[in-house]
Every structure is written in C-alpha cells, then in structure tokens.
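Peer 1: What follows is a single structure, and I will ask about it in a moment.
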Amino acid sequence: MSYAAVNTKAVAVYARFLKPEVPLKILEAGNIKDGLAILESTWGLELTEDPHLLEVNVKMAQKVYDTLKGFHYYLQGSARSFYNALLTRYEIQDLKRIFRAVYHDEDVGLVRKSLLALDPMLLPKDQAVGPDELFKVLEATPYGRTLSAYKGVSRDRILFYIEMELDRSYYERLIKEARELPKKDRKEIMAMLNRHVDLLNIRYIYRGKKTYDILKSEMENFVIHGGNIPPKLLKSWIYAEDVNALVRSVRNSSFSFLFQEKRNNQMADILATRDLAAVYEKHYQQAGLSLGRIVALSILLENAIKDVSTTLEGLRLGFGKDLIRSLLTIPMKEGEVWQ
C-alpha cells in the first residue's frame, strides 16, 4: 500500500506537537502559569483557569489518542491489523489506572471520567468499586479471564503482577502482528519492538528483585518473549542471586548505561525511556514512507506528555531547572533555550 497520505499527516502531527519541544519552552518560562499558556496555544488545549495536573495529562492524552486513531483510516490489510493492535495500548493504560485507583482506595469516579479507550460504563456509577467488583466487571472484557488469575495476589504486589501480565500480553501480540507485515515494515517495526521489549524485561526483572522479591521461576513466566537479548543471558539475569548480582551483570552488557556506577540506580527507568526516545526519533526521521514512521510517532507523542507533566510538576515542587531537565526524554543539546 502507499504511505504518501500517512506520511503527510505524520509530518503535520510532528510539526505541531513535537518540533516545538514544548517541555523546554515551559522550562524556559520557569513558572506554571506561563507554561500552561504555552501548552494551550501549541497543543490547542482548552484548560480550566487553574487546572490540576491530572486535567492537563488527560487532555493531552485525549488529544494524542484522537490524533493517532485518525491514522487507522489510511491503512489496509496487515498494516491496519497491526496498528489496531498498537492502539490497544490505551486500553492497557486505562486498565492500569483503574487497578491503581481501586487498590490505592482512590476516587474511581475520577478515573471513569478520564478513560480514553475503555467504555466509562464499564465502571458502575454511584457504587463503590473494590477488588471483587473490579474483577467481576472485567469478566465482560477480553482481559477478564487472564487477569482473574491474579485475584488472590496480595495487595502489596498485585499491581506489579497486573502490569507485567498486561505488558507481556500486549507486546507478544504486537510481535505476532508485526511478523505478518511486508518485509520493509516488518524490519523497521521489529527493530523498535525488540529494543522496547529488551528494556522492559530488564526493568521488570530489576524491580521484581529490588522491590517485590518475586520467585525466580515466577519472574520467568512474566518475561516478554521477543527482543534481542540472548535467551541464555536473559535467564541468567532472572536467576541472578540478588539485585546487586543482576546490576553487576547488566553493567557488563550493552545495557550498562542503565546502571551507571556513579548514579543512583533509581535513574534506570529514566535512562531506559531516554534510550527508547532516541531509538524512536531515529526511526521516525529515517523511516520515510512507511508504517514505522507512525509507530515511532505514537511513542514520541506519549513521551511528550510525560515530559510536559514532569516539567510542570517539577516547577510546582520548586525543583531546579537542571534537575527537571535531567528527567526529560528529549536528548540533551548544547545551548538549549532554557539555560
């Protein structure tokens, strides 16, 4: 199929939402009021007079989701099938937010109003939603049977289990769909997916050892099948004696940047996200007329939301500009305007 129309739309979306590097402009402004004005004018958002960060995030996410859905109509055959699978990421995100709200005893009503892909009617109005009620309503969804296996998991770790299960199912489905694509699209997209899967697996293994002390055999079941890490090496990381042994081994691999000797290992997630941002940016710029361009664009747009949110929250908390900048996914450049 021809990707000329897709490319034209992708270039326009990139120029509007990503090229201006809104997070850096907000950082240069140095205050929330001016930052929100920049965001509203650039992204075309309509915010309330003094919006909560949740409102900002939801409206940005809705803008991105609506924009990405528009590409669906340009695609055909295996490309459309893959892209539809890609967009189920927003159902996954909705589910994760619902589970967090329920298990953290937060206001489920707020989550209901901000769902992007799932039907808000999934969650009953004017009725308390606890774990039992949540698993009950999920029975009517494609996710119910899979997630019901975790109903008896303790509250202190069920969110981690749910997150891993949802991501494993999602990325394995994407890989399966990608293998049905024409050769050029398949090569580009598998390169991006493999890098994403590798980094997710490392991060989950690290978190499993550091925070949850998950059984090694159990962790092996959660690993996403795919990626470029040799299975033997990945298994050695799963069965590493402890988190320190894992970090030492990863430092001797091509992923050593995740656990730099002089940095706090809490930066691993940020460093992984920044690495992926560079990968997706490279593929966006080099993909040309292909499905790979809009796949890369979808992740870059999500990163933009995270960066705007990080910048606004950092300013609210009084963080220094250098610290806020260090937490963003946008690659560092000399002479940036915020400096």
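Peer 1: Looking only at the range 92-113, decide whether some residue is open to solvent by less than 40 Å² (accessible area, probe 1.4 Å), closer than 30 Å to residue 193 by Cα and assigned to a loop (DSSP other than H, G, I, E, B).
Peer 2: no
Peer 1: Read through the list (1) free of Cβ contacts under 8 Å to residues at least 60 places away in the same chain; (2) out of contact with any Gly (no Cβ under 9 Å at 6 or more places or on another chain); (3) among the polar types (S, T, N, Q), then give the number of the only condition that residue 114 fails.
Peer 2: Condition not satisfied by residue 114: (1).
Peer 1: Name the residues in the range 296-339 that are in a helix (DSSP H, G or I) and of a type in the set (Asp, Glu), would you?
Peer 2: 302, 307, 313, 322
Peer 1: Within the range 166-175, can one find any residue that is closer than 26 Å to residue 69 by Cα, loosely packed, with under 15 Cβ neighbours inside 10 Å and modelled with pLDDT under 95?
Peer 2: Within the range 166-175, none of the residues are closer than 26 Å to residue 69 by Cα, loosely packed, with under 15 Cβ neighbours inside 10 Å and modelled with pLDDT under 95.
Peer 1: Oh, and also: Of these, 124, 120, 131, which one is farther than 17 Å from residue 153 by Cα, surrounded by fewer than 19 Cβ atoms within 10 Å (Cβ to Cβ) and at pLDDT 90 or above? Write out each step before concluding.
Peer 2: Working: 124 fails: at pLDDT 90 or above; 131 fails: farther than 17 Å from residue 153 by Cα.
None of the other options fit; the residue is 120.
Peer 1: Something else now. Considering each residue of the range 163-190, count those that are more than 20 Å from residue 75 (Cβ to Cβ) and aliphatic (A, V, I, L, M), and give that number.
Peer 2: Total meeting the criteria: 2.
Peer 1: Further question: With the condition kept exactly as written, say whether any residue in the range 272-283 is part of a helix (DSSP H, G or I), within 17 Å of the chain's Cα centre (by Cα) and among the aromatic types (Phe, Trp, Tyr).
Peer 2: Within the range 272-283, one or more residues are part of a helix (DSSP H, G or I), within 17 Å of the chain's Cα centre (by Cα) and among the aromatic types (Phe, Trp, Tyr).
Peer 1: Here is a follow-up. For the range 214-232, state whether one or more residues are under 30 Å from residue 4 (Cβ atoms), open to solvent by 30 Å² or more (accessible area, probe 1.4 Å) and among the aliphatic types (A, V, I, L, M). Outline the logic, then answer.
Peer 2: First pass over the range 214-232, keeping only residues under 30 Å from residue 4 (Cβ atoms): none.
No, that holds for no residue.
Peer 1: Any idea which of (1) free of Cβ contacts under 8 Å to residues at least 40 places away in the same chain; (2) touching a helix residue (DSSP H, G or I) at 6+ places or on another chain (Cβ under 6 Å); (3) closer than 30 Å to residue 78 by Cβ is the one residue 195 doesn't satisfy?
Peer 2: (1)
Peer 1: Report, by residue number, each residue of the range 148-165 that is open to solvent by less than 30 Å² (accessible area, probe 1.4 Å) and closer than 27 Å to residue 190 by Cα.
Peer 2: Of everything in the range 148-165, those that are open to solvent by less than 30 Å² (accessible area, probe 1.4 Å) and closer than 27 Å to residue 190 by Cα turn out to be 160, 161, 162, 164, 165.
The values are calculated or read from the model by the stated rules, or taken from the named source; none is laboratory data. Quantities reported herein were computed from a predicted structural model and do not represent experimental measurements. Methodologically, a virtual Cβ is constructed for each residue, glycine included, from the backbone with ideal geometry; neighbour enumeration extends over all protein chains shown. Remember, those area values only see protein heavy atoms, side chains included, never the ligands or the DNA or RNA. Shrake-Rupley method; radii C 1.70, N 1.55, O 1.52, S 1.80 Å.
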